[in-house]
Amino acid sequence: MRRTFRLPPRLNRKIGQAMHDYSMFDDGDRVMIGVSGGVDSLALAWVLKMWQEKAPIRFKLTAQIIDHGFWRQHEGEVEPGISIGRQLERFSIDYTVDQAWEIGEKNRTCFQCARNRRSQLFHLARERGFNKIALGHHKDDLIETFFLNILYSGNISTMLPRQVLFKGDLSILRPFAYIEKKELVELTSELELIPITNFCPFSDNTHREKVRLLLDSLYREEPEVKRSIFAALANVRQEYLL
């Protein structure tokens, strides 16, 4: 039985503000939700389904699961299309499951795997007539990406709440751009959603994980610094850059 649950007003305002600030949805949109089975994507699927039911515009929603194969390497683990799908079905969310494009073992890195999955999502969306892809990236992801690009890529940039691709044929949406990770953890707990374990062998030893630990240490010392860093992403003084 579907449990009735309302999005807390505080989160509702933040999500609504991000959607408004970046003009995320239009009438007639066909939206693909990238669902990995983690806290962020499961919460996003529920939020967008709820938003679809109350919004003054009409748009189609479908969740897309990319099966990267790591689940089946652990005896007793349920197939992702079943374990993730059951949770999506609780909220009457349609979904499809596709096998991940193959990557040679010699080329398998966290960066390459993520890039491959993103390219596959783009391909599937365009092939099936979706004009927008919604992803569960949140405020902490945007800040971490900012530092990742500075430290490891030599550029100043981050993810955009809305990113237009392929001359406007496809847009990437991040409705949680103003939401912190801890808020999503609390939300999924209230919704009784169960995140799927990440069995990727590289998951605990990545540049992103190093940046996350560094920032967590900084936040413990200076709790207000996150607010300042996030504000800086929209307050660039180019005249003081090389």
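Values for this structure:
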{"quantity": "Which listed residue, of Phe111, Phe146, is surrounded by fewer than 19 Cβ atoms within 10 Å (Cβ to Cβ), of a type outside the set (Ser, Thr, Tyr), under 30 Å from Ser228 (Cα atoms) and out of contact with any helix residue (DSSP H, G or I) (no Cβ under 6 Å at 6 or more places or on another chain)", "calculated": "Phe111"}
{"quantity": "Gly85 being more than 18 Å from the chain's Cα centre (by Cα), surrounded by 12 or more Cβ atoms within 10 Å (Cβ to Cβ), at pLDDT below 95 and part of a helix (DSSP H, G or I)", "calculated": "no"}
{"quantity": "Count of the range 7-27 residues which are among the polar types (S, T, N, Q) and either closer than 16 Å to Leu160 by Cβ or crowded, with 19+ Cβ neighbours inside 10 Å (or both)", "calculated": "2"}
{"quantity": "Residue in the range 190-209 that is at pLDDT 95 or above, out of contact with any helix residue (DSSP H, G or I) (no Cβ under 8 Å at 6 or more places or on another chain) and surrounded by fewer than 17 Cβ atoms within 10 Å (Cβ to Cβ) present", "calculated": "no"}
{"quantity": "Scope the range 30-60; condition of a type in the set (A, V, I, L, M), surrounded by fewer than 20 Cβ atoms within 10 Å (Cβ to Cβ) and either touching a Leu at 6+ places or on another chain (Cβ under 7 Å) or free of Cβ contacts under 8 Å to residues at least 12 places away in the same chain (or both); matching residues", "calculated": "Met50"}
{"quantity": "Residues being assigned to a loop (DSSP other than H, G, I, E, B) and touching a strand residue (DSSP E or B) at 6+ places or on another chain (Cβ under 7 Å) - total across the range 24-45", "calculated": "3"}
{"quantity": "Checking Gln64 against (1) in contact with a Gly (Cβ under 7 Å, 6 or more places away or on another chain); (2) at pLDDT below 95; (3) among the polar types (S, T, N, Q), the condition it does not meet", "calculated": "(2)"}
{"quantity": "Residue selected from the range 133-143 under the condition in contact with a Phe, Trp or Tyr (Cβ under 8 Å, 6 or more places away or on another chain) and not β-branched (Val, Ile, Thr), by the criterion surrounded by the fewest Cβ atoms within 10 Å (Cβ to Cβ)", "calculated": "Leu142"}
{"quantity": "Near pairs, Cβ below 8 angstrom, 6+ apart or cross-chain, from the range 148-168 (touching a residue at least 60 places away in the same chain (Cβ under 8 Å) and closer than 16 Å to Lys132 by Cα) to any residue that is of a type in the set (Asp, Glu) and surrounded by 12 or more Cβ atoms within 10 Å (Cβ to Cβ)", "calculated": "Pro161/Asp21"}
{"quantity": "Checking Ile103 against (1) at pLDDT below 90; (2) surrounded by 15 or more Cβ atoms within 10 Å (Cβ to Cβ); (3) under 14 Å from Ile196 (Cα atoms), the condition it does not meet", "calculated": "(3)"}
{"quantity": "Among residues of the range 151-177, those that are surrounded by 13 or more Cβ atoms within 10 Å (Cβ to Cβ) and in a helix (DSSP H, G or I), counted", "calculated": "1"}
{"quantity": "Pair list, Cβ < 7 Å and 6+ apart or interchain, from the range 10-29 residues that are touching a residue at least 24 places away in the same chain (Cβ under 8 Å) and closer than 19 Å to Leu170 by Cα to residues that are surrounded by 14 or more Cβ atoms within 10 Å (Cβ to Cβ) and of a type in the set (Ser, Thr, Tyr)", "calculated": "Ala18/Tyr178"}
{"quantity": "Given (1) of a type in the set (A, V, I, L, M); (2) at pLDDT below 90; (3) in contact with a Pro (Cβ under 9 Å, 6 or more places away or on another chain), number of the condition Val47 does not satisfy", "calculated": "(2)"}
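The values are calculated or read from the model by the stated rules, or taken from the named source; none is laboratory data. A quick note: this is a predicted structure, and the numbers were derived from the prediction, not measured. Because the Cβ atoms are built from the backbone with ideal geometry, glycine has one as well, and the counts that use them run over all protein chains shown.
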